[in-house]
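Asks: Supplied in structure tokens, the structure appears directly below.
The values are calculated or read from the model by the stated rules, or taken from the named source; none is laboratory data. Please read these numbers as outputs of a predicted model, since none were measured by experiment. With ideal geometry, Cβ positions are generated from the backbone for all residues, glycine too; neighbour counts draw on all protein chains shown.
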């Protein structure tokens, strides 16, 4: 059962198309895994669309043009709905076989990703020990977006955060000092949090960080001086 979700602000900004790509991927992927948030997002998207139509109508001085525009838009939307239904009926096999299936393999494990990642899995996996990372190119200067895989019985050394860290659990499970997480959980941590994620079965996550982690125990503290280079 999914326990952690994007907040209302994130959902609203996503519906309005105002999130950077790294966060937009996270919200989209979560909504593919969470029917509750998918329903909220659909409602927010509809409201944003209606607001845009209203603002467009108000900006025109000619009421007759507005009326004709509204009529044309209604007809266009009706046609689109009809076309969409036909497309779904005619191309369902193609959708199921291509768009829905985004498969990756890491450390001998096969995973199916949400459609939000369909243009983001061209790079190579890199890592050490039980932790592997595939960097995603979102075109952002500060934020670093990655797929993060932790093999069974793996652990990330204890650390805090110099900035914010978003984690969306895509498959498997992991736990830390705060809770145990399952696929679909959407967590945001900051400098007030210190934890050491560990997994028994193995897990695949999507992560976005805007500053290096700060390791707080053991030999991993040696990585802190070069944190800016590896986060």
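Asks: Those residues that are modelled with pLDDT under 95 and in contact with a helix residue (DSSP H, G or I) (Cβ under 7 Å, 6 or more places away or on another chain), I need them from the range 16-38; list them, please.
Replies: Selection gives 16 alone.
Asks: So for the range 17-33 (the condition being closer than 23 Å to residue 140 by Cβ and surrounded by fewer than 15 Cβ atoms within 10 Å (Cβ to Cβ)), does at least one residue qualify?
Replies: yes
Asks: Further question: Among the residues of the range 189-206, is there at least one that is under 19 Å from residue 27 (Cα atoms), touching a helix residue (DSSP H, G or I) at 6+ places or on another chain (Cβ under 9 Å) and modelled with pLDDT of 90 or more?
Replies: yes
Asks: Tell me, which strands (runs of 3 or more DSSP E) wholly within the range 103-202 include 2 or more residues that are surrounded by 13 or more Cβ atoms within 10 Å (Cβ to Cβ) and without any contact (Cβ under 8 Å) to a residue 24 or more places away in the chain?
Replies: Because the criterion is at least 2 residues that are surrounded by 13 or more Cβ atoms within 10 Å (Cβ to Cβ) and without any contact (Cβ under 8 Å) to a residue 24 or more places away in the chain, the strands (runs of 3 or more DSSP E) in the range 103-202 that meet it are 131-136.
Asks: Based on this model, can you work out whether residue 93 counts as within 29 Å of residue 170 (Cβ to Cβ), modelled with pLDDT under 60 and either in a helix (DSSP H, G or I) or in contact with a helix residue (DSSP H, G or I) (Cβ under 6 Å, 6 or more places away or on another chain) (or both)?
Replies: yes
Asks: Right, here's the next one. Does residue 206 meet the test of being over 17 Å from residue 175 (Cα atoms), in a strand (DSSP E or B) and in the same structural domain as residue 121 (by TED's automatic domain parsing)?
Replies: no
Asks: Are there any pairs, at least 6 apart or on different chains, whose C-beta atoms fall under 6 Å, with the first in the range 39-54 and farther than 20 Å from residue 5 by Cα and the second at pLDDT 85 or above, and if so, which?
Replies: Correct list of pairs: 48/15; 48/16.
Asks: In the list 113, 134, which residue meets the criterion of being in contact with a helix residue (DSSP H, G or I) (Cβ under 9 Å, 6 or more places away or on another chain), under 20 Å from residue 32 (Cβ atoms) and outside the structural domain of residue 29 (by TED's automatic domain parsing)?
Replies: 113
Asks: Could you tell me whether the range 210-218 includes any residue that is closer than 23 Å to residue 33 by Cβ and modelled with pLDDT of 90 or more?
Replies: No, the range 210-218 has no match at all.
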